[in-house]
1. With Val22, Val44, Val31 as the choices, which residue is modelled with pLDDT of 85 or more, surrounded by fewer than 10 Cβ atoms within 10 Å (Cβ to Cβ) and not polar (S, T, N, Q)?
2. How many residues, within the stretch 17-60, are polar (S, T, N, Q) and in contact (Cβ under 8 Å) with a residue 12 or more places away in the chain?
Amino acid sequence: MALLAGPLLGALMILVTNMPLVLLNIVSGVVYAVVLPFVALATVYVYFDMRVRGRVGVRGEGGRGGRQDHRLPRDAPHHIPRRVASLPPPGR
C-alpha cells in the first residue's frame, strides 16, 4: 500500500487540482522516493524477524486469521543467542 502512495497522490491531484502535469509528476515522484526506503526497511525487518523466530522456535498457535500467541515457551532462552545469525537456513 505504501508503494502506491506516490502514484495515488499524483492521480488524486490530477483530478482535484489545476496544477501543471509536470509539477504533479514531480510531487508524485518525490513522495514515492521518500516512502520507498521506509518500505524496504520494514520488509527487511519483517524478513529477519521471521527468520530469527523460526530459528529459536517461536511459533504462533492461532489458526488462519485467528489470534496468535507470541509468548515464548517456558523453557525458551530469554535472549536470542548471537550464533543464530550465523546458522545456515533451515533444511540445508
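The values are calculated or read from the model by the stated rules, or taken from the named source; none is laboratory data. Just so we're clear, the structure is a prediction, and the values are computed from it rather than from any experiment. Note that each Cβ is placed from the backbone with ideal geometry, even for glycine, and that neighbours are counted across all protein chains shown.
1. On the way: Val44 fails: surrounded by fewer than 10 Cβ atoms within 10 Å (Cβ to Cβ); Val31 fails: surrounded by fewer than 10 Cβ atoms within 10 Å (Cβ to Cβ).
After applying the criteria, what remains is Val22.
2. Of all residues in the stretch 17-60, those polar (S, T, N, Q) come to 17-18, 25, 28, 43.
Still in the list and also in contact (Cβ under 8 Å) with a residue 12 or more places away in the chain: 25, 28.
Result for the stretch 17-60: 2.
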